[in-house]
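J.: Structure incoming, see below.
Every number here is computed from the coordinates shown, using simple stated rules; none is lab data. Just so you know, these numbers come straight off a predicted model, no measurement behind them. Cβ placement follows ideal geometry from the backbone for every residue including glycine, while neighbour counts extend to all protein chains displayed.
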Amino acid sequence: MSGAQILLADDEDDLRIASVQGLELAGFAVRGFASAEEVLSRVGYDFDGLVMTDIRMPGMDGMSLMNRIHEIDPDIPVVLLTGHADVQLAVRAMREGAYDFVEKPFTVQNLGDIARRALDRRALVLENRRLRALAGKRDDIETRLPGRSALMVDLRYRLRAIAATDADVLIVGDTGTGKEVAARALHDISARAGRPVVAINCAAMPAALMESELFGHEAGAFPGALRPRYGKFEHARGGTILLDEIGSMPLELQAKLLRVIQERVITRLGSNEPVPLDVRFIALSKSDLDKEVAAGRFRADLYYCLNVVSLRMPALAARPEDIPLLFLQLVAEARARYRRDDIEVPAHVIAAVSQRAWPGNVRELRNAADRFVLGLGCADEEGADESGEPASLASRVADYEKRLIASALAASGGALKPVYEGFGISRKTLYEKMQKYGLTRRTAAELE
């Protein structure tokens, strides 16, 4: 039961505090909250625990909380804490999926017994999902998303677990981290494998055409619509829809997308006939959508609808131990793509590549691997000379000094006095260094 947690919601402070303390003394990890909304924000598809909630609370009540939780995952156990007058309501809630109910006043021992059974059941559900995802099914996720870091091992585990479900997924990560690679891998190991994957770039599609492109239209729906046309959503029926750069979708269209995701039905432009839609949505974003919501650029309800399960693609800077292995794999792929013979990657190249930050992530690293295979060297490698050999300390210092002087000359517009005074050297010393590095007032500006 390691990592399992109880989230307890009750607006009565004294009862909530006493219940939390009693359960903690019984050996449970518990967090208490005064409102249902606080609990809901902490529950996800892979939540390892259970929720206990009072039925009657201001704002969102316990029944509403249970229903919202079961929209995220119907297998999350929810235990209702009821007053005597609410017993009939609690019985009805159990028919609708509540795990159990406890009538007030209750003993901590009774609460603890129910919690143990619920947590055991939740652990079994999560383990069965993991086994169903792995049993008898070979996949190539390690090849597509290589890496031995804990971040990548956890990512691959989560992908396999999610693939066993039909839950919609939000994948967030910096540019070049492999969001679409992860999305397509998720589709290929799911029950939808073999069905269409329709990728929609929400940033590249013209806003005026987006609705027609997504939903399709009937003949005569607008000027120029001479014949009926399926939209991209219908083309994906039975498969997966990738919504790339979802944060760039216009607000007006976000409202229509929300309805599609909630109801799994679309209506073509110019038609009143609903069309059932059997798809899985995977949304990709390079920015955190909660920040876009706060800025008013993204609908909060659509964000919560998409964020049933979320995955974060780690940047290379967060997993530097994976860079050597990944670079070697990218070199092998480039060699096959360009039909080159076996190429040995020298140790100093691996070392130089491993020391870089790679702000462009895997995409930038792939470009470096391509250049290496094409015999162009890794032009961006710091600390290597033109021959590709590792540069000495003296040559690195000299290169730094040359760039420093060139920058200062460019900033001064070619005037020498501000430069040698700024560096605290004589005019003669500056001349000598400029001559050593082949710098003139004009070439320094060009270098800069």
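J.: Using a 10 angstrom cutoff on alpha carbons, build the Gaussian network for the chain and name the most mobile of MET313, MET60, MET210.
T.: MET60
J.: LEU209 to SER287: extension gain in nm, 0.36 nm per residue of separation minus the Cα-Cα distance?
T.: Full extension from LEU209 to SER287 adds 25.7 nm.
J.: Continuing with this model, one more query. Can you check what the net charge comes to around HIS187, using other residues whose Cβ is under 11 Å from the Cβ of HIS187 (Lys, Arg +1; Asp, Glu -1)?
T.: For residues surrounding HIS187, the net value is +2.
J.: Mind jotting down a quarter of the surface of the convex hull over the alpha carbons of the chain, in square nanometres, one decimal?
T.: Average of the hull's projected areas for the chain equals 32.8 nm².
J.: Total Lys pairs in the chain closer than 15 Å by alpha-carbon, pairs eight or more apart in sequence or interchain only? Please report the intermediate quantities before stating the final value.
T.: On the way: LYS179/LYS286; LYS232/LYS256; LYS402/LYS433; LYS402/LYS436; LYS417/LYS428; LYS417/LYS433; LYS428/LYS436.
Close lysine pairs found across the chain: 7.
J.: Let me ask something additional. Just the number, please: percent antiparallel of the DSSP beta bridges in the chain, rounded to the nearest 5.
T.: 10 percent
J.: Just to be sure I understand the model, the point goes 7 Å from the Cα along the line to the Cβ. What's the resulting ASN110 to LYS417 distance in nm?
T.: So the two model labels end up 9.2 nm from each other.
J.: So if we plug the beta-carbon distance of GLU127 and THR175 into 1/(1 + (r/R0)^6) with R0 = 35 Å, what FRET efficiency do we get, rounded to 0.05?
T.: 0.45
J.: Calculate the dipole size of segment 5-132 relative to its Cα centre from +1 charges on Lys and Arg beta carbons and -1 charges on Asp and Glu beta carbons; express the result in debye to the nearest 20.
T.: Numbers: 15 positive and 22 negative charges, 104 e Å.
That gives a dipole near 500 debye.
J.: I need the helices of the chain that pass two filters: whole DSSP H segments spanning 30 Å or more by Cα along the axis, and mean Kyte-Doolittle score no lower than -1.0.
T.: 108-134
J.: Quick check: net charge around GLY59, other residues with Cβ under 14 Å of its Cβ, Lys/Arg +1 and Asp/Glu -1?
T.: Summing Lys and Arg as +1 and Asp and Glu as -1 gives -4.
J.: Hey, in the GNM for the chain with a 10 angstrom Cα cutoff, which one of ALA26, ALA283, ALA300 fluctuates hardest?
T.: Per the Cα network of the chain with a 10 Å cutoff, ALA26 tops the list.
J.: How many angstrom lie between the Cα centre of segment 331-379 and the Cα centre of segment 12-38?
T.: Computed from Cα coordinates, the inter-centre distance equals 54 Å.
J.: Can you give the direction-averaged projected area of the convex hull of the alpha-carbon atoms in segment 141-313, in nm²?
T.: It is 10.3 nm².
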